[in-house]
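Report on the structure given below.
The values are calculated or read from the model by the stated rules, or taken from the named source; none is laboratory data. Computed from a predicted model, the values in this text were never measured in an experiment. Cβ atoms come from the backbone with ideal geometry, glycine included; neighbour counts cover every protein chain shown.
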């Protein structure tokens with residue numbers, strides 16, 4: 001019983017971490033693309 005709850009908790013934590021990492025990656029790529037465009041334009 002406890003094992004099922006713990007497994008579910010870890011699954012939720014993993015999804016939150018992966019989602020947050022993905023969000024940071026997209027934000028980094030977008031800001032990096034904008035920076036590269038500014039450098040290329042400048």
Inset, instruction - Would you mind stating whether residue 27 is surrounded by 10 or more Cβ atoms within 10 Å (Cβ to Cβ) and either at pLDDT 80 or above or out of contact with any helix residue (DSSP H, G or I) (no Cβ under 7 Å at 6 or more places or on another chain) (or both)? - result: yes
Legend entry - Filter pass, residue 16 being modelled with pLDDT of 90 or more, out of contact with any strand residue (DSSP E or B) (no Cβ under 6 Å at 6 or more places or on another chain) and either surrounded by 10 or more Cβ atoms within 10 Å (Cβ to Cβ) or part of a helix (DSSP H, G or I) (or both): yes
